[in-house]
Amino acid sequence: MNYDEDHASGFPDLLQNGITIGCIYGNPSVPPGTVRSLKTDDGMGPGIDALTNALALRIQRGHVETWPVIPGLEINACWNVYPRFEDENNLSLALELRIHGFSFLFTGDMETAGLNNLLTHYVPFREMVARTDVLMASHHGRANGVCQSMFDNYGCNPALVVISDDYKQYDSQETTSYYGSKARGVVGFRTQQVRKVLTTRSDGEFHFSFRNGNCFAE
């Protein structure tokens, strides 16, 4: 999703355990060498280091990164193009997983400027936004990932917003109320109360299941 260490720190564990990886897909406008140059200022962590080395080797060997074919799953992606954007956050991959007809939208650490650029210039992204059922809040729910036009101008009205974060580190993480005002809400997540925003900080680990044409957060 994003060429930052917190998104790639587990990659060396895959290699060390001999896990074969069929597809490594990120923003295709950013080659491995460019990732290294972007990381010069803030440092190259071991996860990003291993990832860029693996990507460079795969390119050298002519490996083509091809999405896996999984029954019931449709994958769509879009991105801002380097060097139109030169920061890792706005070069995040925007990824839609449509699972048995339900749309989950991930935007990595993309910030408001990057999201607005995609909405303005890329029609398929606008279509993804409008049909989103579960929105993974950008940049772990921080304020600089909030894009009001997604909701106010492009029809984003998810059933749930998910914020993946840990302990509170920044005042800019106080976006739960805003996202809650933009979601339809669901009933049945561990209680019968209506929930509009789930956070890993407060709710811990949870998953989604699909039964009888329905999607459940559990």
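Tally up the residues in region 190-204 that are surrounded by fewer than 18 Cβ atoms within 10 Å (Cβ to Cβ) and either in contact with a Lys or Arg (Cβ under 9 Å, 6 or more places away or on another chain) or not polar (S, T, N, Q) (or both), please. The number of residues fulfilling the criteria is 5. Would you call residue 201 of a type outside the set (Ser, Thr, Tyr), assigned by TED's automatic domain parsing to the domain that holds residue 96 and either touching an Asp or Glu at 6+ places or on another chain (Cβ under 8 Å) or under 16 Å from residue 104 (Cβ atoms) (or both)? When the stated conditions are applied, residue 201 passes them. The single condition from (1) surrounded by fewer than 18 Cβ atoms within 10 Å (Cβ to Cβ); (2) farther than 28 Å from residue 210 by Cα that residue 131 fails is (2).
Yes/no per residue for (1) under 28 Å from residue 154 (Cα atoms); (2) not β-branched (Val, Ile, Thr):
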residue: 55; (1), (2): no, yes
residue: 69; (1), (2): no, no
residue: 80; (1), (2): yes, yes
residue: 83; (1), (2): yes, yes
residue: 92; (1), (2): yes, yes
residue: 99; (1), (2): yes, no
residue: 112; (1), (2): yes, no
residue: 116; (1), (2): yes, yes
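Across region 137-186, the qualifying residues are those that are under 19 Å from residue 118 (Cβ atoms) and basic (Lys, Arg), and the one among them that is surrounded by the fewest Cβ atoms within 10 Å (Cβ to Cβ) is 182. Looking only at residues of region 103-156 that are small (Gly, Ala, Ser) and assigned to a loop (DSSP other than H, G, I, E, B), we find that the one that is nearest to residue 177 (Cα to Cα) is 137.
The number of residues in region 50-66 being of a type in the set (Ser, Thr, Tyr) and outside any loop (DSSP other than H, G, I, E, B) comes to 1. Among the conditions (1) surrounded by fewer than 16 Cβ atoms within 10 Å (Cβ to Cβ); (2) over 20 Å from residue 60 (Cα atoms); (3) more than 17 Å from the chain's Cα centre (by Cα), residue 38 misses just one, which is (1).
Any idea which residue in region 1-28 is nearest to residue 89 (Cα to Cα), counting only those that are in a helix (DSSP H, G or I) and not charged (D, E, K, R)? Selected residue: 7.
Within the bounds of region 82-94, is there any residue that is part of a strand (DSSP E or B), in the same structural domain as residue 146 (by TED's automatic domain parsing), hydrophobic (A, V, I, L, M, F, W, C) and buried (at least 18 other Cβ atoms within 10 Å of the Cβ)? There is at least one residue in region 82-94 that is part of a strand (DSSP E or B), in the same structural domain as residue 146 (by TED's automatic domain parsing), hydrophobic (A, V, I, L, M, F, W, C) and buried (at least 18 other Cβ atoms within 10 Å of the Cβ). For residue 52, the requirement of being outside the structural domain of residue 98 (by TED's automatic domain parsing), over 21 Å from the mean Cα position of the chain (by Cα) and more than 19 Å from residue 106 (Cα to Cα) is not met.
The values are calculated or read from the model by the stated rules, or taken from the named source; none is laboratory data. Owing to the predicted nature of the structure, the values given are computational and were not obtained by experimental measurement. Positions of Cβ are generated from backbone atoms using ideal geometry, with glycine treated the same way; all protein chains shown enter the neighbour counts.
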